[in-house]
Amino acid sequence: MEMTRHTSVLLEETIKNLHLEKGKIAVDATLGGGGHALAIFERIMPGGRLIAFDADADAISRFRARVAEMPLVEGALKEGALLPIKANYSRIGEMLDAEGIVGVDAIMADLGFSSDQIESAERGFSFRNDGPLDMRLDRSTDLTAKSIVNTYDEHALRRILEIYGNEPEARRIARAIVSKRESALIETTEALRSIIEAVYPAARKHQGIHPATRSFQALRIVVNREYDHLESFLAQAVERLNHGGRLAVITFHSGEDRIVKQFMKERSVGCICPPEFPVCRCGKSVLMRIVTKKPIVPGESEIASNPRSRSAKLRVIEKL
């Protein structure tokens, strides 16, 4: 299998803010190309343990191939000090239970899709590479982008594009999809891209991003139930953190960043009783501290060397 082409985003900033020490237990909830995982591993060894999740079996295989020539890492794999697990990060609690791990000292999640996935035409994530209209991160699941565009009615398609893609031309695109599939199934990324380009207003076609960007993002989010999994992961992650442990999350678009920001805000406030209550009745106490008052974003040099990092935002929270 081909080695990873992925460049980890905000690597130094993430590692610094996790406050890693030798002997600690850490989780990389989204293994991807393995860059963050290897950096974490370096700082918690010897004596530490790293559990890494990824829903994509190919990512697990690429990581194992990558570390096969790294004796210390390969040795840790054999001893269980480094444990890659094929599982969606929303199952973090279940997977840690299976390993007998009650609490961990650091958890990180990079919500971006890796370059290996995006640039693989057969995965169907990108409109820049012609391939089957798939978009599944975990290919053992059933729902694909092809099934959505060929079976969902016009109203459902429009709502998906509006809610998950913030697509201003959602109505026009949904109508065009339904019309086109009456004569032939829409089966490839090229076919869908062409439909969107054909109906997109000329005035909007050159406003920063490709006309198909938002639609492809929206379909990918729905296919992979990204928001549902994110919310489930966040709730479980903070429960599993030891006191003083930190959770770091890297987001890449406004929808997922809004979920992370709101979650961290809610967990970092205490009493929510109305001000007229003389004493607290809700019993809610402050359990977390937001480390990053404002999100950390890539610098100019990182964006220049890795343009895909330009929309990344890192948020960090600590368990009190």
What's the extension gain from Ala68 to Glu266 if we count 0.36 nm per residue and subtract their Cα-Cα distance? 67.0 nm
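Counting other Cβ atoms within 10 Å, keep those with at most 16, restrict to DSSP loop, and tell me which GluC sites (Glu not before Pro) in region 1-69 are left. Don't skip to the end; give the middle numbers.
Details: sites: Glu2, Glu12, Glu13, Glu21, Glu42, Glu69; in loops: Glu2, Glu21, Glu69.
Listed in order of number, the matching sites are Glu2, Glu21, Glu69.
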Per residue of the chain, what 222 nm ellipticity follows from adding -39500 (n - 2.57) for every DSSP H run with n ≥ 4, rounded to the nearest 500? -12500 deg cm²/dmol
Once amide H atoms are built 1.01 Å from N in the peptide plane, which residues 5 or more positions from Thr188, or in another chain, come under 5 Å H to H? Leu133
If you roll a 1.4 Å probe over region 192-253 with all protein chains in place, what percent of the accessible area is carbon or sulfur? 48 percent
Note down the net charge around Asp134, summing +1 for each Lys or Arg and -1 for each Asp or Glu among other residues with Cβ under 9 Å from its Cβ. +3
What translational D, rounded to a whole number of µm²/s, comes out for region 186-314 from Stokes-Einstein when the hydrodynamic radius is the Kirkwood one over Cα pairs, at 25 °C and 0.890 mPa s? 134 µm²/s
Which order do the peptides 126-133, 302-309 come out in when sorted by mean C-beta neighbours inside 10 angstrom, highest first? 126-133, 302-309
Largest-first semi-axes in Å of the equivalent ellipsoid built from the Cα gyration tensor of region 1-88 are 19, 15, 12
Ranked by GNM mean-square fluctuation in the chain (Cα springs under 10 Å), the top entry among Ile296, Ile209, Ile250 is Ile209
Using θ = phi - 60° and the Karplus relation 6.51 cos²θ - 1.76 cosθ + 1.60, list the HN-Hα couplings for region 295-310 in order, rounded to whole Hz, with x at every Gly or Pro. x, 7, 10, x, x, 4, 5, 5, 5, 5, 7, 9, x, 5, 7, 4
Pseudo-spin-label distance Tyr227 to His243, built 7 Å along Cα→Cβ, given in nm, is 3.7 nm
Given H placed on each backbone N at 1.01 Å, which residues far from Gly245 in sequence or on other chains put an amide H within less than 5 Å of it? Lys319
When the chain is treated as a Gaussian network with springs between alpha carbons less than 10 Å apart, the largest mean-square fluctuation among Ala55, Ala212, Ala198 is found at Ala198
Convex hull of the chain built on C-alpha atoms - directionally averaged projected area, nm²: 19.1 nm²
Mind jotting down the distance between the C-alpha centroids of region 1-65 and region 260-320, whole Å? 23 Å
If N is the number of residues in region 87-173, what value comes out of its Cα radius of gyration divided by 2.2 N^0.38 Å? 1.43
Note: Val102 to His206 extended length (0.36 nm per residue) minus current alpha-carbon separation gives 32.3 nm
Rounded to a whole number, what % of the accessible area of region 271-320 do carbon and sulfur atoms account for, probe 1.4 Å? 59 percent
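The values are calculated or read from the model by the stated rules, or taken from the named source; none is laboratory data. Given the structure is predicted, the values throughout are model-derived calculations rather than measurements. Backbone-built Cβ (ideal geometry, glycine too); neighbour counts: all protein chains shown. Note: accessible area is taken over every heavy atom of the protein model, side chains too, but ligands, DNA and RNA are not part of it. Shrake-Rupley method; radii C 1.70, N 1.55, O 1.52, S 1.80 Å.
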